[in-house]
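Student: I have a structure I would like to understand better, so I am pasting it below and will then ask my questions one at a time.
The values are calculated or read from the model by the stated rules, or taken from the named source; none is laboratory data. On a predicted model such as this, the values are computed, not experimentally measured, just so you know. Positions of Cβ are backbone-derived with ideal geometry, glycine not excepted, and every protein chain shown enters the neighbour counts. Note: areas computed on protein heavy atoms with side chains; ligands, DNA, RNA excluded. Shrake-Rupley method; radii C 1.70, N 1.55, O 1.52, S 1.80 Å.
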Amino acid sequence: MREEIKNFSENDQNAAEIFRIKFIGSNGSVKSLMSEIKNVAPENKREMGKVLNDLKLLAESKHEEIKKSNGDQQLSAAKSIDLTLPGDALPMGGRHPISIVRNKIVSIFQRLGFAVAEGPEIEDDWHNFTALNLPENHPARDMQDTFYINENPVWLLRTHTSSVQVREMEKGVLPIRIICPGRVYRNETISARAHCFFNQVEGLYIAENVSFADLKQTLYFFVQEMFGKEIKIRFRPSYFPFTEPSAEMDISCLICGGKGCNVCKHTGWVEILGCGMVHPKVLENCGIDPKKYAGFAFGMGIERITMLKYQIKDLRIFSENDVRFLKQFTSAV
Ligand code: 2NL
């Protein structure tokens, strides 16, 4: 057994453990020889004990030797790793298309001197409806259109970011030139064109002598920057309780250039936003003198603009977190 121990060699990472089990462990051969000592004649026990003890010491020192040489091997393997090699590339994330378009809209208006304003998504009745001249029985206040969280006092999920603009007007610092991006909520049946939440950008400019001409030129600049210099615009009269006069703005169809196609339903025009001059009643509600100040406001859905820009046909895909969709935007900033 002495020879067997001395000559033990095993080309294995676990050589030390294999050795330990074979010789030293509770079922190992050294241990089992030790248990034989009870069968030895009393006069030989002493000598037998010494021989077995030497054998045990030999096995233990061989065990240490194997452990050490194994460690040395691992160390030299580690030394052969080239730490100067470049690491594995990390996969890059990307912005959501809604964020890409929102950032672009915001930066265009920032160049015109608009500042970004933000506010709470849970609003009260005053900031979301009453201050904006939406009468008590207006259909937009209906349970069908608005998510009410609390009844008395009324708390609700904002249905537009106009509430942020009301909060800004109430601060009483004029002139005001702000852009309000944010998520809004409406109790709609989810379809390819509507969702119960979506993103909006609203803008507000209040100063002395602000006119509808300022509104038109501001929005014309915006769509030229957003879609290209060749874009055409037109305004159609419309109605919003918080603006007077009110209009909807169309752009010439990006797909067919105005010739007529499915996207523009063969009209050559696509609606992209609503706008108007801030209703004097709204200014008054927010503590601004409508005789001294005038302003324009507009609102647009970011999903709608993103769908036009990237030819996306179903807005549900924006909130499905499907990486096959999201990955297509990784190179865009
Ligand atoms: C649309 C139309 C609009 C406004 C939003 C507004 C805000 C204040 C006062 C007056 Cl504080 N107006 N916002 C005005 C006209 C239209 O949005 O279609 N949005 C998606």
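Student: Stokes-Einstein D for the chain at 37 °C, 0.692 mPa s, Kirkwood Rh over Cα pairs, in µm²/s?
Tutor: The calculation lands on 125 µm²/s.
Student: When the dipole is taken about the Cα centre of the stretch 10-60, and only Lys, Arg (+1) and Asp, Glu (-1) are charged at their Cβ, what size is it in debye, to the nearest 20?
Tutor: Its charge dipole is roughly 260 debye.
Student: Roughly what angle does helix 212-227 make with the longest principal axis of the chain, taking Cα atoms, 0 to 90 degrees, to the nearest 10?
Tutor: Roughly 30 degrees, rounded to the nearest 10.
Student: Which whole number in µm²/s is D for the stretch 261-328 by Stokes-Einstein, with the Kirkwood Rh taken over Cα pairs at 10 °C and 1.306 mPa s?
Tutor: 103 µm²/s
Student: Which whole-number percent gives the relative contact order of the chain, counting Cα pairs below 8 Å spaced six or more residues apart?
Tutor: 16 percent
Student: Rounding to the nearest 20 debye, state how big the charge dipole of the chain is about its Cα centre with +1 on each Lys and Arg Cβ and -1 on each Asp and Glu Cβ.
Tutor: 800 debye
Student: May I ask you to evaluate 6.51 cos²θ - 1.76 cosθ + 1.60, the Karplus curve with θ = phi - 60°, for each residue of the stretch 186-202 and list the ³J(HN,Hα) values in order in whole Hz, giving x for glycine and proline?
Tutor: 9, 7, 10, 6, 6, 8, 5, 10, 9, 9, 6, 9, 7, 10, 9, 10, 10
Student: Go through the stretch 201-279 and name the GluC sites (Glu not before Pro) that are in a DSSP coil and have 15 or fewer other Cβ atoms within 10 Å of their Cβ.
Tutor: Those that pass, being in a loop and sparsely packed, are E208, E230.
Student: Please report, for the Cα atoms of the stretch 75-118, the Rg to one decimal and the Dmax as a whole number; what are they, in angstrom?
Tutor: 22.6, 65
Student: Could you grab the Rg to Rh ratio for the stretch 1-62? Cα atoms only, Kirkwood for Rh.
Tutor: 1.04
Student: Rolling a 1.4 angstrom probe over the protein heavy atoms, how many square angstrom per residue are accessible across the chain?
Tutor: 59 Å²
Student: Where the accessible area of the stretch 10-57 is counted over protein heavy atoms with a 1.4 Å probe, how much of it, in %, is carbon and sulfur?
Tutor: 50 percent
Student: Could you state the per residue volume, in Å³, of the convex hull enclosing the Cα atoms of the stretch 148-296?
Tutor: It comes to 130 Å³ per residue, whole-number rounded.
Student: Against the longest principal axis of the chain, how steep is helix 97-111, in degrees 0 to 90 to the nearest 10, with axes from Cα atoms?
Tutor: Roughly 50 degrees, rounded to the nearest 10.
Student: Let me ask something else. Using per-residue counts of other Cβ atoms within 10 Å, averaged over each peptide, order 161-171, 308-318 from highest down.
Tutor: Taking the mean over residues of other Cβ atoms within 10 Å, the ranking is 161-171, 308-318.
Student: Further question on the same structure: Using the Karplus curve 6.51 cos²θ - 1.76 cosθ + 1.60 with θ = phi - 60°, work out ³J(HN,Hα) for each residue of the stretch 73-86 in order, rounded to whole Hz, and write x for Gly and Pro.
Tutor: Couplings: 4, 5, 5, 5, 5, 5, 5, 7, 7, 8, 6, 8, 5, x Hz.
Student: Could you tell me which of rounded, prolate or oblate describes the stretch 183-232, using a ≥ b ≥ c as the square roots of the eigenvalues of the alpha-carbon gyration tensor, with rounded for a/c under 1.5 and, failing that, prolate when a/b is larger than b/c and oblate otherwise?
Tutor: In terms of gyration-tensor shape, oblate.
Student: If you don't mind, there's one more thing I want to ask. Quick check: Cα centre of the stretch 203-222 to Cα centre of the stretch 116-151, how many Å?
Tutor: Value for the Cα centre distance between the two parts: 26 Å.
Student: With charges set only on the Cβ (+1 for Lys and Arg, -1 for Asp and Glu), what does the dipole of the stretch 206-329 come to about its Cα centre, in debye to the nearest 20?
Tutor: 420 debye
Student: Rounded to two decimals, what ratio of Rg to Rh does the stretch 211-281 give with C-alpha atoms and a Kirkwood Rh?
Tutor: When Rh is taken as the Kirkwood radius, the ratio is 1.03.
Student: Only helical DSSP H runs with n ≥ 4 go in: add -39500 (n - 2.57) per run for the chain, normalise by residue count and round the 222 nm mean residue ellipticity to 500 deg cm²/dmol.
Tutor: -10500 deg cm²/dmol
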